[in-house]
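First the structure, in the form of structure tokens, and then the observations on it.
The values are calculated or read from the model by the stated rules, or taken from the named source; none is laboratory data. These numbers were taken from a predicted model, which means no experiment stands behind them. Positions of Cβ are backbone-derived with ideal geometry, glycine not excepted, and every protein chain shown enters the neighbour counts. These accessible areas exclude ligands, DNA and RNA; they are computed on the full protein's heavy atoms, side chains included. Shrake-Rupley method; radii C 1.70, N 1.55, O 1.52, S 1.80 Å.
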Amino acid sequence: MTHSLLVEEVLTRPQEISWLPWAVQYFFFIGIAACAALFTCVLQWRKSDSAKLENLTLLIALTCAITAPLALTADLHQTARFWHFYAYPTPWSWMPWGALFLPLFTAFLGLWFLALQLKRFTKKSYRATKWLALASALTAAGLLLYTGREVSIVQARPIWFSYTFPVAMFLSAFHTFFALLIVSLRGEPALQRKLALWQLWTLGGLAFVVVFWVNGDTLSGVAIRDWLTVSASARHYAAGWAVLWFISLGLGGVALFQPLTMPLRILQALSAMALCWLMRWTLLIQVQTVPKFNAQFNPYTLPAGTDGWLAILGTFGLWIALLIIIRETVNGFARRMQHG
């Protein structure tokens, strides 16, 4: 009696990721810009006397809002086809809504910033400023909703498929915005303590949302736990989240009791930015390496060119350049007005 051995092989082919690091840069900067716009709108409508804080928050919002869409267009692969969003509208999709909100948001922010500078130079208030602030806040809310839902609606990626995804992105961006404000303010310890308290509240909310998300019985929660079980790199990224979260929490706690020195404020801002960025990198890039249609993980190596390190460093460099250019231009006009 003979026995035949049947051997079956499953051949799989690694799949390339569709979203490149440019997308991470977009999500990072647009989140901070939208949170800054919401915060500054509250300052405007509460008739806050802190003109310095309002100008500073608008500077952060405007520079991030200019940087973000440039990164987004680079990620579209066929950038020249962006006009299709307007020529062939598909309102049942989230992408065309982003194409509507993004230019409106940047335009409203720019007009609002110009109105504040005119008020600074002419000492006159403009009624339209409040409505520009409200329009900026509404489009900011639309952007936060759009950027969250265009990802969390994808059921083919179970880790993304959760309403907690946009909430976590929002809270991580807001806590980073507060850290950027703290490092930018000088000689105002009371305001720094208040900002540190708000940062701690957002960090606490972020931790609650992430724990709730990971431990939930949803499709997304189960997928995250499975990913952490089988992937050592996923556990490494999770450890990075925890370390950066504790650093931000510790520095924020110290800031409640005594003003931080400049090196510590810089460390606080860098740790907050690193946490915000690493969350987006993990969820947007590394999740794409998880098997979707095939039976193996899809390896991804960050290249050195324009789709890799150069894209990341260049986008941050552009943001810093915009901060310097806009601030020095405004200060230059102020000096000219002061000296006649």
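None of 180, 143, 203 is modelled with pLDDT under 95 and in a helix (DSSP H, G or I) except 143. Condition first: at pLDDT below 95, of a type outside the set (Ser, Thr, Tyr), part of a helix (DSSP H, G or I) and buried (at least 17 other Cβ atoms within 10 Å of the Cβ). Can you find one or more residues in region 294-312 that meet it? Within region 294-312, one or more residues are at pLDDT below 95, of a type outside the set (Ser, Thr, Tyr), part of a helix (DSSP H, G or I) and buried (at least 17 other Cβ atoms within 10 Å of the Cβ).
Scanning region 313-336 for residues that are more than 14 Å from residue 68 (Cα to Cα), among the hydrophobic types (A, V, I, L, M, F, W, C) and either open to solvent by 50 Å² or more (accessible area, probe 1.4 Å) or assigned to a loop (DSSP other than H, G, I, E, B) (or both) returns 324, 325, 333. Do we find a residue being more than 20 Å from the chain's Cα centre (by Cα), hydroxyl-bearing (Ser, Thr, Tyr), loosely packed, with under 14 Cβ neighbours inside 10 Å and assigned to a helix (DSSP H, G or I) anywhere in region 216-223? Scanning region 216-223, I find no residue that is more than 20 Å from the chain's Cα centre (by Cα), hydroxyl-bearing (Ser, Thr, Tyr), loosely packed, with under 14 Cβ neighbours inside 10 Å and assigned to a helix (DSSP H, G or I), so the answer is no.
Of the residues examined, residue 278 is not one that is within 18 Å of the chain's Cα centre (by Cα), closer than 23 Å to residue 24 by Cα and open to solvent by 70 Å² or more (accessible area, probe 1.4 Å).
What is the residue count in region 274-293 for residues that are without any contact (Cβ under 8 Å) to a residue 12 or more places away in the chain and part of a helix (DSSP H, G or I)?
0
For region 126-138, check the following and say yes or no: at least one residue is within 19 Å of the chain's Cα centre (by Cα), charged (D, E, K, R), surrounded by fewer than 20 Cβ atoms within 10 Å (Cβ to Cβ) and in a helix (DSSP H, G or I). No, there is no match, as no residue in region 126-138 is within 19 Å of the chain's Cα centre (by Cα), charged (D, E, K, R), surrounded by fewer than 20 Cβ atoms within 10 Å (Cβ to Cβ) and in a helix (DSSP H, G or I).
Residues in region 147-177 that are over 13 Å from the mean Cα position of the chain (by Cα) and assigned to a helix (DSSP H, G or I): 5 in all.
Being open to solvent by 10 Å² or more (accessible area, probe 1.4 Å) and either within 18 Å of residue 148 (Cα to Cα) or of a type outside the set (Ser, Thr, Tyr) (or both) is the filter here, so list the residues in region 179-193 that pass it.
Answer for region 179-193, where residues must be open to solvent by 10 Å² or more (accessible area, probe 1.4 Å) and either within 18 Å of residue 148 (Cα to Cα) or of a type outside the set (Ser, Thr, Tyr) (or both): 180, 183, 186, 187, 188, 189, 190, 191, 192, 193.
Residues that are open to solvent by 40 Å² or more (accessible area, probe 1.4 Å) and either closer than 20 Å to residue 224 by Cα or not aliphatic (A, V, I, L, M) (or both) within region 239-249 comprise 239, 241, 242, 243, 245, 246, listed in sequence order.
Hey, among the residues in region 251-273 that are in a helix (DSSP H, G or I), hydrophobic (A, V, I, L, M, F, W, C) and buried (at least 17 other Cβ atoms within 10 Å of the Cβ), which one's nearest to the chain's Cα centre (by Cα)?
Ranking the qualifying residues of region 251-273, first place goes to 273.
Selection over region 44-64 of residues that are among the hydroxyl-bearing types (Ser, Thr, Tyr) and in a helix (DSSP H, G or I) gives a count of 2. Screening residue 233 against (1) crowded, with 17+ Cβ neighbours inside 10 Å; (2) farther than 27 Å from residue 104 by Cα leaves a single unmet condition, (1).
Residue by residue through region 107-125, note down the ones that are open to solvent by 30 Å² or more (accessible area, probe 1.4 Å) and either at negative phi or of a type in the set (Val, Ile, Thr) (or both). Residues satisfying the conditions are 107, 108, 111, 114, 118, 119, 120, 121, 122, 124, 125.
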